[in-house]
Amino acid sequence: MTGILDIIRKELLINLLSLRFIIGLVVVMLLIGLVGYVLTLDYASRRQAYIAAAEQHSRALEDAKVYSTIKVEMDIPPNPLSLLSRGSKDLPVTITVSPYHVPTILDASGSGATISLDGTGDLPVNPLLRVFSSIDVGFIVGMIMSLFCILLVFDSFSGEKEQGTLRVLLSAPVGRLQLLAGKYCGALLSAATPLTAGLLLLVILWNISGLVTLTPADWLGLACMYAASILYLACFLALGILISLFAEESVTGLVHQLLVWVVAGIVLPAGAGYVAEFLHPILPETELIREADENYGRAYSNVRYQQTEGSWNVAYTDYAGPESFLGITEKEALNRVEYNKIIFPMKFALAEEHFHIRDAVQRSLERREEARNSLDAISPVAAYGRIVRALAGSDIGSYRRTFAAARNYRESLMEYLRPKVATAAWVTRVLDQPELQPTKENMSYWNERAKKEGEDVFLKEWWNWSRVKPLDLSAMPRPNLEVPGLRERLGDALFPCALLMVLTAGFLVMAGWKLLRYPA
Amino acid sequence: MIQAVDLTKRYEDGNLALDHLNLNIQPGQIYCLLGANGAGKTTTINLFFNFIEPTGGTALINGVDCTKDPIGAKRHAAYVSENVMLYGNFTARQNLEFFTRLAGRRELGKEDYYMVMRQVGLPERSFENRVKTFSKGMRQKLGIAIAILKQAPALILDEPTSGLDPKAGAEFMELLTRLRGEGKAILMSTHDIFRAREVADVVGIMKEGVLIMEKSRENLMYEDLEKIYLKYMEV
Ligand SMILES: Nc1ncnc2c1ncn2[C@@H]1O[C@H](COP(=O)(O)OP(=O)(O)O)[C@@H](O)[C@H]1O
Ligand SMILES: [Mg+2]
């Protein structure tokens, strides 16, 4: 057993003294430090933007004057762990919930909700982010550290054999499996060194700069991510050692390993993406939605025709600005209430119909994702990417949960708004405030003033929308999106983790089997 | 101490490299294995350390089967190859320390390593030099230092003096006789008939995997080993 420790020590020392290790260490640490620093600034500005947006959006609700235009912007709080895995930049930071729109993950592509933050255009934009936006710590470990692992072990056994040291090693009373274990652990420690150093560097940076504060759950998530990264390196090293046992010469071993790296890291994931796209074509969303809209349009015209007996009246205009409803009579307003009782449920039903179409598309996207995941399942690179994105909450699963939470919230919002449907439009607010209606007394009073102060007094002072009192929304359910819980994220990471473990164990068993038959 | 019983090795390509070899080397004996290139000497030695597996027979060290219990057998034997290769980035002392600890001796200090290096005749200034700067003779000496520190009762060497200059070769042989004096059983393959004659207690001649002659020192006294060797090679 102590023999293993000696071998581990020797492997570590040999690596520390080798140029390839020093170069790898410096490159990885620099990259993690640099990318981590840039992403830290990015996270800080996203966090700031989130706070500003959340504040602005809750203030917007305070001034709401009609139920029908209530639109709730749900801001997705940035997850501190997304520092390590940024995810796609196209993913939304705000989900818009309104009676006329049920949020789905498709909103991310801009079909419904706002992706950009309104009114926060003057955010400090980090120019470096443009360069590094697609590179995150997950990418560095997934692609660059795996390359580093290959360089560490491509000649693990073939090199010792060529060098002539393998026989000296094996003349000692150590078992071959012991030798394998020692070499493997030594390589793992060597590979873990730059990762650990890089992450420590980042943590120190966060502490010094105060830009990132982590909750205990975040620390736990970070620890899980570290563990997953070590597992990934372990998997790649096991694969590397296995290949080095099959290669006659170190050089061919290196070539084979680079080939495996390209296949596992690039060919398989990209190929799986294409095949999955081919297997699961996305439904023609826009076409179906246009159809639904046309059906709604016909039904809407019918209702409108019946209600107004063919005549056009400002009271029935849905899309005119609020000012056009001021100054209408009480009778007109009451007619409008009756009309609303029919038209708003139709609008809500349309939203539901849109949702069903989008939901089907959403599910076909999910099926595509599942197909892709099973197609490149044997690639450790893909599995690791999945783990990191799941833990960082930047994968499709986390967004699915976030949108489901937004839909749940919309349900409670609709429960609150539905009974208010009849009074949900601009025009009905006039009913609350008789002083705004064109009664005889009001008319004579304002005509008097208009004579003295000029005609604009009607619009400036009387029919001015600012005179309408804001709604009392104290009973309205408030939005609250949280960073998805660690437990759920861990759940998502579990399967790819198990996959990596199985792969690693498989590679090691095969390496052991081969080594026992390896002519020294 | 070092024993082969009907030891046979046929390589995967069908080449019968070793055919029913029988050897028995006692403590305090030097056994020199002579033979042309490709006679099967290295194959024999490799079998004792389980570098390869025999296709028949058994190799035993101190009574331990080298195939069934390779770790147990290797505890009792030290190995010096034709061309000792060590970790070039390690110093002589670091190499010595690593392999000695691996052999199970972990109680030694720097001075112990220096002492052995002095004993095998390495120059003092090279103790903390990287091995990649070493000449072949120095590496062979370091190899035997590793073997000495293992304190194994059996010593198996594969052409340890080939390529050494005469002085280094002579020093090496002197070391071996000293180790014999300590009671070690020594198996050494070599091309060097003169040295073999000088130090060997038993000489064996191999040809195409077969041990065709074995003579003890007493029987060699009045014969010319070179003539015998060449005679056997002819037939
Ligand atoms: N790995 C191998 N595979 C096949 N044949 C081998 C192998 N190693 C050695 N041989 C053959 O076995 C015979 C004995 O070789 P070896 O033991 O190296 O001879 P020596 O050490 O006496 O010069 C030779 O014919 C050689 O070609
Ligand atoms: Mg040989």
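The values are calculated or read from the model by the stated rules, or taken from the named source; none is laboratory data. Source: prediction; values computed, not measured. With ideal geometry, Cβ positions are generated from the backbone for all residues, glycine too; neighbour counts draw on all protein chains shown. Accessible surface is based on the protein model in full, side chains and every heavy atom, while ligands, DNA and RNA are left aside. Shrake-Rupley method; radii C 1.70, N 1.55, O 1.52, S 1.80 Å.
Tabulated results
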read-out: Span from the the stretch B:19-33 Cα centroid across to the the stretch A:1-60 one, whole angstrom; value: 60
read-out: Dimensionless Rg/Rh of the stretch B:87-151 - Kirkwood Rh, Rg from C-alpha atoms; value: 0.92
read-out: Among beta bridges that DSSP assigns inside the protein assembly as shown, antiparallel share in %, nearest 5; value: 55
read-out: Helix-only CD estimate at 222 nm, as mean residue ellipticity for chain A, using -39500 (n - 2.57) per DSSP H run (n ≥ 4); value: -22000 deg cm²/dmol
read-out: Exercise: per-residue mean of other protein chain Cβ atoms within 10 Å, B:78-87; value: 4
read-out: Percent of alpha-carbon pairs separated by more than 19 Å within the stretch B:143-235; value: 44
read-out: In nm, spacing of pseudo-spin labels at B:Gln26 and B:Gln119 (7 Å Cα→C-beta vector); value: 2.5
read-out: Other protein chain Cβ atoms within 10 Å, averaged over every residue that makes up A:168-181; value: 6
read-out: Net dipole in debye of the stretch B:87-151 [+1 Lys, Arg Cβ; -1 Asp, Glu Cβ; about Cα centre; nearest 20]; value: 240
read-out: Rounded percent of accessible protein surface that carbon and sulfur make up, the protein assembly as shown, 1.4 Å probe; value: 59
read-out: Near-label residues of the stretch B:107-125 by backbone N, under 11 Å of a point 7 Å along Cα→Cβ of B:Glu182; value: B:116-117, B:119-120
read-out: Options A:His101, A:Cys235, B:Leu149, ranked by Cα towards positive dipole end of the protein assembly as shown, top entry (Cβ charges); value: B:Leu149
read-out: Cross-link reach list, aspartates and glutamates versus A:Lys10, counting only Cα pairs under 17 Å and skipping chain neighbours closer than eight places; value: A:Asp155, A:Glu160, B:Glu97, B:Glu128
read-out: Residues of the stretch B:126-146 buried by at least 50 Å² on assembly (accessible area, 1.4 Å probe, chain alone as reference); value: none
read-out: Longest exposed-site-free window of chain A, the sites being GluC sites (Glu not before Pro) in a DSSP loop that have at most 12 other C-beta atoms within 10 Å; value: A:1-247
read-out: FRET efficiency, A:Arg449 to A:Asp63 (Cβ-Cβ, R0 25 Å, nearest 0.05); value: 0.40
read-out: Cross-link table B:Lys9/B:Lys227; B:Lys41/B:Lys136; A:Lys65/A:Lys469, entries beyond 18 Å C-alpha to C-alpha; value: B:Lys9/B:Lys227; B:Lys41/B:Lys136
read-out: Neighbour cut-off at most 15 other Cβ (10 Å), DSSP loop, trypsin sites (Lys or Arg not before Pro), the stretch B:52-104; value: B:Lys68
read-out: Residue-normalised accessible area of the protein assembly as shown, expressed per residue, 1.4 Å probe, Å²; value: 45
read-out: Helix-only mean residue ellipticity at 222 nm for chain B, each DSSP H run of n ≥ 4 adding -39500 (n - 2.57), per residue, nearest 500; value: -10500 deg cm²/dmol
read-out: Gained length - A:Arg9 relative to A:Glu488, 0.36 nm times residue gap less alpha-carbon distance; value: 168.5 nm
read-out: Per-residue average of Cβ from other chains inside 10 Å of B:101-110; value: 4
read-out: Extreme residue, positive dipole direction of the stretch A:363-410, given options A:Ala406, A:Ala377, A:Leu365 (C-beta unit charges); value: A:Ala406
read-out: Across A:Lys183/B:Lys110; A:Lys440/A:Lys460; B:Lys68/B:Lys231; A:Lys514/B:Lys184; A:Lys514/B:Lys141; A:Lys71/A:Lys452, pairs whose alpha-carbon gap is larger than 30 Å; value: B:Lys68/B:Lys231; A:Lys514/B:Lys184; A:Lys514/B:Lys141; A:Lys71/A:Lys452
read-out: Local electrostatic count, B:Lys231, Cβ distance below 13 Å [Lys/Arg +1, Asp/Glu -1]; value: -1
read-out: Relative contact order (%) - the stretch B:87-151, alpha-carbon pairs under 8 angstrom, separation at least six; value: 50
read-out: With at most 11 neighbouring Cβ atoms within 10 Å, loop trypsin sites (Lys or Arg not before Pro) (DSSP) excluded, longest segment of chain A; value: A:90-516
read-out: Inter-centroid distance (Cα atoms) of the stretch B:193-235 relative to the stretch B:94-145, Å; value: 33
read-out: With at most 13 other Cβ atoms within 10 Å, longest stretch of chain B clear of loop chymotrypsin sites (Phe, Trp or Tyr not before Pro) (DSSP); value: B:12-221
read-out: The stretch A:242-287-the stretch A:459-498 distance, computed between alpha-carbon centres (Å); value: 41
read-out: Cα gyration tensor category, rounded, prolate or oblate, for the protein assembly as shown with a/c compared to 1.5; value: prolate
read-out: Per-residue ³J(HN,Hα) for the stretch A:373-382, Karplus 6.51 cos²θ - 1.76 cosθ + 1.60, θ = phi - 60°, Hz, x for Gly and Pro; value: 4, 7, 6, 9, 4, 7, 8, x, 5, 5
